[in-house]
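What follows draws every value from the coordinates through simple rules; no lab data is involved. Just so you know, these numbers come straight off a predicted model, no measurement behind them. Using ideal geometry, Cβ is built from the backbone for each residue, glycine included, and neighbour counts are taken over all protein chains shown.
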There are 2 protein chains.
Amino acid sequence: MGEEKDISFFSQRGGREINLKGSLVLPGFTDCHTHFTEYAVNKYYKYRLNIHESITFEELMELINEKAGIAPSGEWITGWGWNKNRWNNILPHKKYLDEISSRHPVALDSKDGHTLWCNSMALKIAGMDHPTGILFENEGRPVRDVIKKPSKEHYKECVKKAIKEAIASGLTGIHICEGAFEFNIYQELFRDGELNLRVTWHFPLDLLEEMISTQIKSGFGNEYIRIGCVKIFTDGSLGSASACMFENYEGVNHSGKLLIEEEELCNIVTKANKEGISCAIHAIGDKANNMVLNVYEQVGKFPGIRNRIEHSQILRPEDIKRFSENHIIASLQPIHIANDIPLAENYWGKRCSYAYPFASFLRNGVRVIFGSDVPVEDFNPFKGIYSASTRKYLNNNEKQSWYPGECINVEQSVQAYTVGAAYSSYEENIKGTIAPGNLADLIILDRNIFDIESEDILETSVKTTIISGKMIFEK
Amino acid sequence: MGEEKDISFFSQRGGREINLKGSLVLPGFTDCHTHFTEYAVNKYYKYRLNIHESITFEELMELINEKAGIAPSGEWITGWGWNKNRWNNILPHKKYLDEISSRHPVALDSKDGHTLWCNSMALKIAGMDHPTGILFENEGRPVRDVIKKPSKEHYKECVKKAIKEAIASGLTGIHICEGAFEFNIYQELFRDGELNLRVTWHFPLDLLEEMISTQIKSGFGNEYIRIGCVKIFTDGSLGSASACMFENYEGVNHSGKLLIEEEELCNIVTKANKEGISCAIHAIGDKANNMVLNVYEQVGKFPGIRNRIEHSQILRPEDIKRFSENHIIASLQPIHIANDIPLAENYWGKRCSYAYPFASFLRNGVRVIFGSDVPVEDFNPFKGIYSASTRKYLNNNEKQSWYPGECINVEQSVQAYTVGAAYSSYEENIKGTIAPGNLADLIILDRNIFDIESEDILETSVKTTIISGKMIFEK
């Protein structure tokens, strides 16, 4: 179990250590920000393409061809993840897809989600005529509206496979930001005794009124399904330079924009918090974060409320302590760093000294929780821990640490996946630590991550996952 | 503990008996049909009159006078329960109330809920002019709309007192048929650690859409607050001769009427059941019950659904077995018998041989659960057990049993309050029996109700109530 100090934070909370021949036993991890069903269907639905960003154009065509070979006529072939910037001199066009199939509608989302690449049959079904089949933003709406969703049973099969994978990665809980259709999937799995991963649900803003009408509040639920927050967006993303900043992006003449005004947000948060519903507000740029902090400050503290900011990727230094002053949870996805460093440098320049400021958050007493934003990034928590504790491009140990002063140590990273996560879902009395009376959610690792070279953290493998005292995964 | 057979149904289910010097230990009782908040506020809100049906006119005037003495000017004095048929030659009129107070608006509901008796100030606040202040049905709406509700804090205080009373009566759980405002009260008590009675919530039909939008399903929740059914009305009541019968009420030319058509009900039930929401349908007359059975039959069995009929007071004999054939729970309030016998005889005549047919239900393998319909009747479960096992007018032991063939024994009655109740709230694996692994919800009685004269059942007193292993009441 490494040195005594390594596990002291568990022991202090009544934790118990289990000595298993050099293995390390930890409380199960919770990924606090996922779009899990989307991930599950992307990965496991048989007519859905799982497009890795690094795929070549030829490989992608081959993949589509494969699906067309097995899919019955008329079946939609969909996918997500292509990035034309990776392809030299090839511009996506409907003709490439038409060459592969005129029997299947094909519609493929770009990695950033802003572009939909369709073949002629997909356009036809949507009643559209379009010269290239490359539909930007709302242009894609008519096609999206007619894409046939997999059946509920298909969804369940995909989700069950993804859950198995998550459990094997050391996760015993996940937070999901999705809608009521997806919520239903997990509830039916629970009803049928097939849900063995704990789920906290964050509802979209457009269900806030219904939550209030039925008085469904944050923290309500059972040990497998719990109501989380209402999720609200305030800006875009770093990748598309749409996160809202105080100053312009480097070298260009814009600074992103807010998707909602402060006053309106204030009304929404007040309304939700007053009714016992906590908020999880997406804010990436420093200005968006600043506005959300203003709002939380104005709204004040309602009983039972545990508000969060999702991502909090870049901040004005003076805003960091406002999280703790106002009891706001910072919900971060450290693995974003692995891919974002060049982008962040390029767009935010020197401002990056307060990007993903893990150490500053902790120094200021802020409650930090970790997640992955899967399917945007991999949900393997050891990649997250590595990212938070080393801050290296592509999680490549050869690279320099990026703003190493903001690295936190492995213990602190583990806390963000365990005790921090448990607090955010109102479960600090039953989860997040190894303690008598707590749910027995444990993972056994093949190495002591508190006492190894950082590069070895990436190789960590989970030997056993135990949920509610039941061994549900063993390598 | 009486003879062995007496407790065999607990033992068979893994129950354990505890011998406590002649006391009897039972699983805590659940009252499966209450309007608990209404009861709490009626009884405990300081400016609310708790009018017993047997009150004389003079006593009532005295009671109002008392409240007027303590209530600040302008405070509403409200109440429920007066019955002019009990008063010789006195017709209620606003003038009597005006004589007592012109400083307080006064509005008093009749026992049957159809008439509102107001003073001039109440009428004035509602912007009405009315010669007598006796408002029938919808006439009362403008006044009801302006009656100032007690504050949420007042509600909580009342509910806490009523909970204390329920626990002292041997209840460890209740089902509540009320709206979202009331639901909130219990959730806030739970949040603040002040809810020590288990609650199952039945939502009104007008929240069905919102339940579906958020995918809140029956059985969801924690060990203190659980989502029950959506409640739907199909007819009126025996007292007002508005329960819907196949044949006319005796001696008159009407048979009550359905409040909803079969087809519409079928659509609603299908919609709810499909989404995992069970239905609790109010049906009192034989025709209403028949229609609900038709509907449940047509809708069929959706996974996880546990539909109920509330009251099921009178049935065609051939309809009884349809409950078990279609897995429908019969939710009855045996204490209604104590007051209803003369009314039922008068209105239903010979048809009464299938009124409150407890024994027929059990003989046909129907799952029966018991409740009180509080505030309509007293929630003391021993009165319910006495009623079900003796069927005597006014629970008076001197009277003859009414259709004694439909009496059930004490064990069967206890089951309806325990194992039956637990099943109806999806908690048969944690409640309703004394068994290892179950919640430790127990009551200790001062006598062995399985082995005493029936009249002594009414005198039963609860010595101790234990919820979740914690002694929360001791005499």
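If you take every DSSP beta bridge fully contained in the stretch A:46-146, what fraction is antiparallel? Give it as a percent rounded to 5. If you can, show how the numbers build up before the last one.
Values: 6 of 14 bridges.
Within the stretch A:46-146, antiparallel bridges account for around 45 percent of the total.
Once each part is reduced to its C-alpha centroid, what is the distance from the stretch A:77-151 to the stretch B:35-72 in angstrom?
One Cα centre to the other: 70 Å.
Return a whole-number percent for the relative contact order of the stretch B:47-146, with Cα pairs under 8 Å and 6 or more residues apart as the contact set. Intermediate values should be presented prior to the final figure.
Working: 181 pairs, mean separation 23.6, N = 100.
Relative contact order comes out at 24 percent.
Counting only residues 5 or more places away or on other chains, whose amide H sits under 5 Å from the amide H of A:SER255 once H atoms are built in the peptide plane?
A:TYR249
Counting alpha carbon pairs within less than 8 Å and at least 6 residues apart, what relative contact order, in whole percent, applies to the stretch A:257-409? Numbers along the way, then the final one.
Numbers: 248 pairs, mean separation 29.6, N = 153.
Relative CO of the stretch A:257-409 lands at 19 percent.
In 20 Å bins starting at zero, report the fraction of Cα pairs in the protein assembly as shown per bin as a rounded %.
Once binned at 20 Å, the Cα pair distances of the protein assembly as shown give 12, 37, 32, 16, 2.
Per-residue mean of other chain beta-carbon atoms within 10 angstrom of the beta-carbon, peptide A:191-204?
On the way: counts 8, 2, 0, 0, 0, 0, 0, 0, 0, 0, 2, 0, 3, 0.
That works out to 1 on average.
Give me the inter-chain shielding for A:217-229: mean count of other chain Cβ atoms within 10 Å, whole number please. Intermediate values should be presented prior to the final figure.
Numbers: counts 7, 1, 4, 9, 5, 6, 1, 0, 3, 1, 3, 0, 0.
That works out to 3 on average.
What FRET efficiency would be calculated for the residue pair A:GLU209, A:SER353, taking the C-beta separation as r and a Förster radius of 30 Å, to the nearest 0.05?
Numbers: r = 41 Å, r/R0 = 1.38.
Step by step, r from the Cβ atoms, then E = 0.15.
As I understand it, the dipole of the stretch B:47-146 uses +1 on the Cβ of Lys and Arg and -1 on the Cβ of Asp and Glu, about the Cα centre. Which of B:ASN83, B:LEU97, B:ILE55 lies farthest toward its positive end?
The residue sitting most towards the positive pole is B:LEU97.
For q values of 0.21, 0.23, 0.25 Å⁻¹, compute log₁₀ I(q)/I(0) with the Debye formula on a Cα-only model of the stretch B:47-146, without solvent.
-1.06, -1.29, -1.53
Shortest first and in nm to one decimal, what separations exist between B:ASN222 and its copies in the other chains, measuring from label points 7 Å along the Cα-to-beta-carbon line?
Ordered by increasing distance: 1.5 nm.
Sorting check: for B:151-159, A:385-393, B:103-111, which peptide has the highest mean count of neighbouring beta carbons within 10 Å, and how do the rest follow? If you can, show how the numbers build up before the last one.
Numbers: B:151-159: 16.8, A:385-393: 24.9, B:103-111: 21.3.
So the peptides B:151-159, A:385-393, B:103-111, ranked by packing, come out A:385-393, B:103-111, B:151-159.
In whole Hz and in residue order, list the ³J(HN,Hα) couplings for the stretch B:105-119 that follow from phi through the Karplus curve 6.51 cos²θ - 1.76 cosθ + 1.60, θ = phi - 60°; x for Gly and Pro.
x, 10, 8, 10, 7, 6, 3, 7, x, 9, 10, 10, 9, 10, 8
Restricting to Cα atoms and excluding each atom paired with itself, what does the Kirkwood estimate give for chain B in Å?
Numbers: mean 1/r = 0.0430 Å⁻¹.
The answer is 23.3 Å.
Using r as the Cβ-Cβ distance of A:ILE430 and A:GLU455, and R0 as 35 Å, what FRET efficiency do you calculate, to the nearest 0.05?
Details: r = 35 Å, r/R0 = 0.99.
Result of the calculation: an efficiency of 0.50.
Distance from a point 7 Å along Cα→Cβ of A:SER23 to each backbone N in the stretch A:166-201: keep the residues under 17 Å and list them by number.
A:167-172
Starting from the amide H of A:ASP235, placed 1.01 Å from N in the peptide plane, find each other amide H under 5 Å away whose residue is 5 or more places distant or on another chain.
A:LEU259, A:ILE284
Closest approach to the A-B rotation axis by any Cβ of A: residue and distance in angstrom?
Whole-Å result, nearest residue of chain A to the axis: A:GLU210, 2.
Once Lys and Arg get +1 and Asp and Glu get -1 on their Cβ, which of A:SER324, A:PRO131, A:PHE29 lies farthest toward the positive end of the dipole of chain A?
Toward the positive end, the furthest listed residue is A:PHE29.
Suppose the Debye formula is applied to equal point scatterers at every Cα of the stretch B:377-446; what is log10 I(q)/I(0) at q = 0.25, 0.27 Å⁻¹?
Log10 I(q)/I(0), no solvent term: -1.11, -1.19.
What's the average, rounded to a whole number, of partner chain beta-carbon atoms within 10 Å of each residue's beta-carbon in B:304-311?
The per-residue average across the peptide is 1.
Using the alpha-carbon centroid of each, what span in Å lies between the stretch B:349-392 and the stretch A:427-468?
54
Please report the net charge: other residues with Cβ closer than 12 Å to the Cβ of A:ARG316, K and R +1, D and E -1. Present the calculation step by step, with values, prior to reporting the outcome.
Numbers: positive: A:LYS287, A:LYS321, A:ARG322, A:ARG351; negative: A:GLU247, A:ASP286, A:GLU318, A:ASP319.
Once positives and negatives cancel, what remains is 0.
Under a 5 Å amide H to amide H cut-off, with H placed in plane at 1.01 Å, what residues pair with A:CYS32 once short-range neighbours are removed?
Counting only residues 5 or more places away or on other chains, the set is A:HIS175, A:PHE370, A:GLY371, A:SER372.
To make sure I understand, if each residue's beta carbon is the centre and we count other beta carbons within 10 Å, what order do A:ASP456, A:ASP319, A:ASP206 fall in, fewest to most?
Details: A:ASP456 15, A:ASP319 18, A:ASP206 11.
Lowest to highest Cβ neighbour count: A:ASP206, A:ASP456, A:ASP319.
Relative contact order (percent) for chain B, with alpha-carbon contacts under 8 angstrom and 6 or more residues of separation?
Normalised by residue count, the contact order of chain B is 17 percent.
If you consider only alpha-carbon coordinates, what radius of gyration and Dmax does the stretch A:92-182 have, in Å?
When restricted to the Cα atoms of the stretch A:92-182, Rg and Dmax are 16.5, 48 Å.
Given points 7 Å out from each Cα along the Cα-Cβ axis, report the B:LYS46 to A:ASP112 separation in nanometres with one decimal.
6.5
At a Förster radius of 22 Å, what calculated FRET efficiency corresponds to the Cβ-Cβ distance of A:ASN397 and A:ILE472, to the nearest 0.05?
Details: r = 32 Å, r/R0 = 1.44.
Rounded to the nearest 0.05, the efficiency is 0.10.
Hey, what angle do you get for helix B:152-168 against the long axis of chain B, alpha-carbon based, 0 to 90 degrees rounded to 10?
Its long axis makes an angle of about 40 degrees.
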